[in-house]
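Participant: Got a structure for you, written out below as structure tokens; questions coming shortly.
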Amino acid sequence: MGFAWSYSRLKNFRTCPKRHYHVDIKKDYKEEESEHLIWGHEVHEKLAHAIDKGNPLPPTMEGYKDWVDRVGKLKALGYTIKVENKLAMSEDFKPTSFFDGKTWMRGVVDVLAVDAFKKLAITFDWKTGKVVDDIEQLALSAQLVFANYPTVERVGATYIWLADDTETVEYYDRDGMLPTWNAVLPTVKVMTQAAKDLNYPPKPSGLCKRYCPVSSCPHFGKGSY
């Protein structure tokens with residue numbers, strides 16, 4: 001299988017190539033799941049079941065019901081709804097299966113809604129952490145939708161910040177994705193070369209002290225809190 005990447009791998013590579021290699025690719029070290037990460041997985045699962053199967057949310061998530069209802073309203077308007085939708089594409093922006101040998105980029109859209117005319121799509125990405133000013137993941141999700149739904153011309157890509165009961169919405173048009181690729185491709189090219197050369201140098205930072213499992217790294221356990 002050739003080189004393939006995702007937003008999370010892109011983000012992890014930027015943080016530290018060596019950590020990315022051991023955790024995401026070689027997988028000889030496993031990141032310890034924090035309480036927040038475990039909670040995030042549970043939230044994604046329960047919201048998916050609530051939307052797809054009509055399961056009630058547990059009491060700890062009752063505050064999220066308005067977002068489930070919002071998806072229900074889209075369905076009532078004629079949108080096709082998919083949850084935990086795995087999307088992938090080749091380097092020439094053609095749709096592929098998630099682990100196809102031609103797959104170049106992949107991602108999971110928590111909620112995908114496509115209108116009855118298949119011209120407009122809306123994506124929801126559930127976020128359980130604090131609000132951050134970073135829309136790159138939204139843009140990449142929109143690109144995966146464009147690749148897999150060739151009649152869709154516009155995507156309303158949305159972060160749902162569950163803890164703050166708010167959202168970040170960005171709109172993307174099929175012919176307006178060049179700025180995203182101008183920003184992303186330089187790093188992807190570096191990642192591609194690193195995969196060819198198996199060269200993943202460490203990038204020491206404050207994360208080395210407490211948040212990296214790669215004990216074989218010379219920077220492990222060092223740095224400031």
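Participant: Take the chain, connect every pair of alpha-carbon atoms lying under 10 Å apart with a spring to form a Gaussian network, then pick out the residue of Tyr172, Tyr211, Tyr200 with the largest mean-square fluctuation.
Facilitator: Tyr211
Participant: Tilt of helix 35-53 relative to the longest C-alpha principal axis of the chain, in degrees (0 to 90, nearest 10)?
Facilitator: So the helix axis and the longest Cα principal axis differ by about 30 degrees.
Participant: So, one more: Net charge within 15 Å of Asp197 by Cβ-Cβ distance, Lys/Arg positive one each and Asp/Glu negative one each, not counting Asp197 itself?
Facilitator: Values: positive: Lys18, Lys26, Lys189, Lys196; negative: none.
Spelling it out: positives minus negatives among the neighbours equals +4.
Participant: Could you work out [θ]222 nm for the chain from helices alone, using -39500 (n - 2.57) per DSSP H run of at least four and dividing by all its residues? Round to the nearest 500 deg cm²/dmol.
Facilitator: Only helices count here, giving -11000 deg cm²/dmol.
Participant: Still on this structure: Counting other C-beta atoms within 10 Å, which of Thr103, Thr166 has the fewest, and how do the rest follow?
Facilitator: Thr166, Thr103
Participant: Something else: When the Cα centres of the stretch 75-135 and the stretch 8-57 are compared, how far apart do they sit, in Å?
Facilitator: Between the Cα centres of the stretch 75-135 and the stretch 8-57 lies a distance of 17 Å.
Participant: Spelling out what I want: for every residue of the stretch 81-98, take phi, set θ = phi - 60°, compute 6.51 cos²θ - 1.76 cosθ + 1.60 (Karplus), and round to whole Hz; glycine and proline get x.
Facilitator: Result, ordered by residue: 10, 10, 10, 6, 7, 7, 10, 8, 8, 8, 5, 9, 6, 9, x, 9, 6, 4 Hz.
Participant: Relative to the longest principal axis of the C-alpha atoms of the chain, give the angle of the C-alpha long axis of helix 136-148, reported between 0 and 90° and rounded to the nearest 10°.
Facilitator: So the helix axis and the longest Cα principal axis differ by about 60 degrees.
Participant: Quick query: amide H of Met105 versus all other amide H atoms, modeled in the peptide plane; which residues come in under 5 Å with a sequence gap of 5 or more or a different chain?
Facilitator: Sorted by chain and number, the residues that satisfy this are Trp5, Met89.
Participant: Top mean-square fluctuation among Phe93, Phe117, Phe13, Gaussian network model of the chain, C-alpha springs under 10 Å?
Facilitator: Maximum fluctuation in the GNM of the chain, among the listed residues, is at Phe117.
Participant: A further question follows. Taking every DSSP beta bridge that has both residues in the stretch 36-176, what percent is antiparallel when rounded to the nearest 5?
Facilitator: Beta bridges within the stretch 36-176, antiparallel portion: roughly 75 percent.
Participant: Turning to a different aspect of this structure: Using 21 Å as the Cα-Cα cut-off, could you pick out the over-long pairs in Lys11/Lys86; Lys65/Lys86; Lys27/Lys203; Lys127/Lys189; Lys26/Lys130?
Facilitator: Checking Cα-Cα distances, Lys65/Lys86; Lys127/Lys189; Lys26/Lys130 exceed 21 Å.
Participant: For the stretch 198-213, in order, what is each residue's ³J(HN,Hα) by Karplus, 6.51 cos²θ - 1.76 cosθ + 1.60 with θ = phi - 60°, in whole Hz (x at glycine and Pro)?
Facilitator: Whole-Hz 3J(HN,Hα) from phi for the stretch 198-213: 6, 10, 10, x, x, 10, x, 7, x, 5, 4, 5, 10, 10, 10, x.
No lab work stands behind these numbers, since they all come straight from the coordinates. No experiment lies behind these values; they were computed from the predicted model shown. Using ideal geometry, Cβ is built from the backbone for each residue, glycine included, and neighbour counts are taken over all protein chains shown.
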